[in-house]
Amino acid sequence: MIFGSHLEGMVENLETRHTRQPGGSGSASQTSSARNFPALKSAKQYYEPHRYCRQIHLTLAGRLNFEEDQFEAYAYIVVKAMSEGANQVNFDAREMGIHDVQCARVSAFDINNPYAIESLPFKQVDFDYDDSVLNLKFEEALRQGQLVVAKIHYTVTKPNAGLYFVHKKKNSDAAYDCIWTQGQDTDSPFWFPCQDDPRMKITVLQRLSFPASWKGLGNGQCLSDVVDGGWRTQEWILRHPHAPYLVAFACGEFHEHKVAWRGRDVSVLVPQKFHETSVALAQDTAKMMEFYSNYWGYEYPWSKYGQAFVADFLYGGMENTTATFNTDNVIGPQEFMIGSESRNFLVMHELAHQWFGDTVTCETWSEGWLNEGFATHSEVLWEEHCNGKSSGIFYLKENFQEGYLEESRTYQRPIVFNQFEFVSEIFDAHLYDKGALVLNHLRDTIGEDAFRRAVGHYLTKHQFSPVSTQDLIRAIEESTGFNARKFFDTFVFKAGHIELEAEIRKIESVPNGLEVTLNQKQVKTDDRDVCEFQIKVFVQYEDGTGEERLLQVTKADEKIILAAKYPVTFAILDPNCSIVGSLKQKISQDWAKAVLATSKCTGPLSYFKYIAARSLVDGFVSQDVKDLVLGWLKGEQLWRARASAYQMIADTNPDLAAEILTSSVERHALARASWISSVSKSSLREKNEWLGQLKEIASQPGEPLNVRDAALMGIVDLLRRTPALRVNEHRQALSAWAWTLARGTTHLGIVEAAAIRLIGELVQPSDVVQLQELVEQHLMPFRVRNAALKAVATASARFPELRCETRPLLQQYADRRQPVRLIAALPDAWIESQDGVLGAAFESYIHRKNYGLLSMLIPRARRSQDKFLKKLSPSAVSERFSELAELKEKTGKLEKELEALKELVKKSAGSSVAGSVAISPG
């Protein structure tokens, strides 16, 4: 799963690629306990319950009735008594219709003969069910180790979570019918009874029926596929145990393509409209399986691997064992695919989970980084494998490092942490991005070979079992001898990160001497005033050779003297960008120029050139430096290096950016978006000319969609920096042009959504009606609806007199569960609106019943509520107080009427008074 990681933004919202703030250190203090986490201060620490009887197998036999949004099934659950005298077992079962519960005792269970349990002599048992937990009571207490099979007949109708029936063009813009499940983190009990606990691993047999013309995908191997009348029944078996949140099934109007890899089927189910993408998808997946198996020395452990790209998926992807479900938003036509790399990294991320998460599974959700940190880190490994070390460094820097540091400015917590309002609250950039940074730093510290050996040992030792961070620490020590305890105390079990300022310079007192000055700037706390860690320095010699030296840092401020082997050309600290935190390093102009001028280096030269350029462009820039930087950009082959450099130069020196970034035109689709964004943020003199170029790019159907999106957002940046472009004649012409684009039909509504964001920047009262209509059109792509929602909120802020029109729209979705992505966008829209009355909508949003993705949104909304209150103008605050006073008055009136009603009841005991008292509607 990727919700909360950098991939969430990559998959769901192109805008984040252009609007992320420049990197840097977080300002929060570093503590072993959390700062500003969890969002609900009264949230308790969470511990998994006692399990005196544990599930070991699930057989699920049922029919998916698409017309009625209903699933009727029999669940056969084999449980094992863990202690003497156990006389009951609990299963999580949410909002089910329980028809019948029976039990039978069995002497043994064999996964190779799973059908035997279905013909046992079952007997009725007493049970209690409160719509949440199903409690079965045995007639006789169990002996330790004894097995019991529970047979539960139940129906799920129009489920609120866990099982999703997607009807084409009914409640969304979905273009085809499909059904899919989603268990993580705690939603499996909405579609089958189980002990919903990642420790409670089970083998699984699924025998499910669905419409005959559809394709299906389940866990494990497909044993049979039979069509009878209007129904297709497939049987899937998973013979190795896995966590219950990974039990999954999907079916729908899909095209299927298969390839073979090491004797296993690798299948892909995609929407029929994009059937041509399935061949490359399957082939690329097989290459990733080969790479990842070889990297760890641990072959893909399951019998097959399948992926379904489904409509209206809640997340980017979900790593169900052998049956990953991904959003279909990552596939599309050529003009989309050429400007999006989300598909490849999503596929790699979810595939990596088949090792980390599915084979070895976090034993508690507080240890979830063992799943997500490794899966996230796999993206860097794949990028390095395909495009080299420097490219992997830039991917890590722009995604993991920036993603984590951005979140750290809001809150900091230990990676392993069990205090939260909902489990999903810890699925954040700490879990994903910082987790990946920690693993990358570990790799850099102990070396690539030792890292691979240690993790391979960890996988082999704990395969098909739940794991903790301590298991990983022990595996590292057992296989390498490296004592990892201090390392994990520093980066995993304590909050915060390193904020380092450094300088390397030559010294004459030592032959070929180097002086490294290191100053830690993170805020000191009672439990720790300094981070102890290792960091590398790369030294390039004049003879063309180079080496990495490992430094041990033990003080907040220290100087380390190095004696190099030969005369030094330059030296770079943290050459692999592995530090968990931020680093500002100062290098001399001579060294920086030498880096930009050289073509010979044994290290990741593209990254070194980026560091050198960053050092040179901060401040006054001479002509020779301009020439060096421009020469590098024109000759740099790595598009990630160019894209990062464009953004860095625009953020650091807007005047220089205006001069050198306009000297050439970037053509690579992915770097081109960054170039457009960076030029738009620079100190341009000919703004009207650039505006014309942006309009031409945005209007050009032949441009990749991400580039057209970037051009429209570039216009927004330009408008914010140039008030003259917002005067009436410019505004009216731009708005009319944007409305023309907004009525288009590009893939996923990418261009239309960007055009509406531009309209929002220019919004006038006359736009509001059209914007409201877009928000309420459920067949519109979610990007379009969300952009229109934000534009309505902007109108509310700029034109308070319109709030009688904007407020109902901004309020009406506050207590709904669908459409999820529109609901997710509400808190930001409320903040944008500056409408104090919407404080009540926040309360409704936060306190509604929690389902699925909503559990992730509620803690986010609590944080947004603080921003909402801070952003309110004095008049809005006054309006909010007036609203509260009015509510208080109404409440007092109702309380008085209630007391009057009670008195009437007392006086008229036994008689009807229902029609004798008029209650004000309040």
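The numbers here are math on the coordinates, done by the rules we state, and not lab data. This one's a predicted model, so the numbers in the text were calculated from it and none came from an experiment. Here the Cβ is made from the backbone with ideal geometry for all residues, glycine too, and neighbour counts use every protein chain on show.
Observations, loosely collected:
- Counting 0.36 nm for each residue step from Arg199 to Ile56 and taking away their Cα separation leaves a gain of 50.4 nm.
- Here's the picture: a label point sits 7 Å out from the Cα of Thr545 along the beta-carbon direction, and within region 500-529 the residues with their amide nitrogen under 20 Å of it are 511-514.
- Evaluated over region 587-667, the Cα radius of gyration and Dmax, each in Å: 11.5, 34
- Hydrodynamic radius by Kirkwood, which averages 1/r over all alpha carbon pairs of region 330-450, in angstrom: 15.3
- Amide N proximity, region 234-252 versus Asn112 label position 7 Å along Cα-to-Cβ, cut-off under 14 Å: 239-240
- Here region 528-550 and region 54-113 have alpha carbon centers that stand 57 Å from each other.
- Three-way shape label, region 237-281, alpha-carbon gyration tensor, a/c 1.5: oblate
- For the chain, the membrane-span-like helices by this rule, meaning whole DSSP H stretches whose C-alpha atoms cover at least 27 Å of axis and whose Kyte-Doolittle mean is -1.0 or above, are 277-296, 874-907; this says nothing about an actual membrane.
- Per-pair calculated FRET efficiency, R0 = 30 Å: Arg816 and Val905 via Cβ, rounded to 0.05: 0.25
- Stretch gain in nm, segment Ser33-Ser599, where the contour uses 0.36 nm per residue and the Cα spacing is subtracted: 199.1 nm
- Distance between modelled label sites at Lys170 and Ile338, nm, 7 Å Cα→Cβ extension: 3.8
- DSSP-defined antiparallel bridges as percent of all bridges, the chain, nearest 5: 80
- Ordering of 477-484, 229-236, 394-401 by packing [mean C-beta count within 10 Å, highest first]: 394-401, 229-236, 477-484
- Radius ratio Rg over Rh of region 389-491, counting only Cα atoms, Kirkwood formula for Rh: 0.99
- Summing charges over all other residues whose Cβ lies under 12 Å from the Cβ of Ser682, with Lys and Arg as +1 and Asp and Glu as -1, gives -1.
- FRET efficiency for Gln463 and Lys896, using Cβ-Cβ distance with R0 set to 56 Å, rounded to 0.05: 0.25
- Pairs of Cα atoms nearer than 8 Å and 6+ residues apart set the relative contact order; for the chain it is 10 percent.
- FRET efficiency, Asp590 to Lys486 (Cβ-Cβ, R0 41 Å, nearest 0.05): 0.65
- Overall form of region 497-585 per C-alpha gyration tensor (a/c, 1.5; a/b vs b/c): prolate
- Where a label projected 7 Å from the Cα of Glu729 along Cα→Cβ would reach, residues of region 665-703 with amide N under 18 Å: 687-692
- Point-to-point label distance, Gln45-Asp128, nm (Cα→Cβ direction, 7 Å offset): 2.8
- Site pair Glu843 and Val259 shows an inter-label distance of 5.7 nm when each label is modelled 7 Å from Cα along Cα→Cβ.
- Descending by average beta-carbon neighbour count within 10 Å, the peptides 105-112, 539-546, 220-227 line up as 539-546, 220-227, 105-112, the highest first.
- The alpha carbon gyration tensor of the chain gives principal lengths a ≥ b ≥ c with a/c of 1.5 or higher and a/b no greater than b/c, which makes the shape oblate.
- Rg then Dmax, both in Å and based on the Cα atoms of region 39-100: 16.7, 47.
- Centroid-to-centroid, using Cα positions, region 195-214 and region 331-388 are 24 Å apart.
- Its Cα gyration tensor gives region 485-537 an equivalent ellipsoid; the semi-axes, largest first and in whole Å, are 29, 12, 8.
- Its DSSP H runs of at least 4 residues, each contributing -39,500 (n - 2.57), put the calculated 222 nm mean residue ellipticity of the chain at -12500 deg cm²/dmol, to the nearest 500.
- Compared with the direct C-alpha span, the chain from Ala212 to Lys287 gains 23.8 nm at full extension, assuming 0.36 nm per residue.
- Square roots of five times the Cα gyration tensor eigenvalues for region 53-295, Å: 33, 22, 16
- In the structure shown, the pairs Lys170/Lys258; Lys521/Lys609; Lys397/Lys536; Lys626/Lys681; Lys609/Lys867; Lys593/Lys695 are assessed against 28 Å; a Cα-Cα span above that value is assigned to Lys170/Lys258; Lys609/Lys867; Lys593/Lys695.
- DSSP bridge orientation in region 292-398 - percent antiparallel, rounded to nearest 5: 25
- Region 183-289 - charge dipole about Cα centre, Lys and Arg +1 at Cβ, Asp and Glu -1, debye rounded to 20: 360
- Region 616-658 versus region 554-602: alpha-carbon centroid distance in Å: 19
- Local net charge near Leu370, Cβ-Cβ under 14 Å (Lys/Arg +1, Asp/Glu -1): -2
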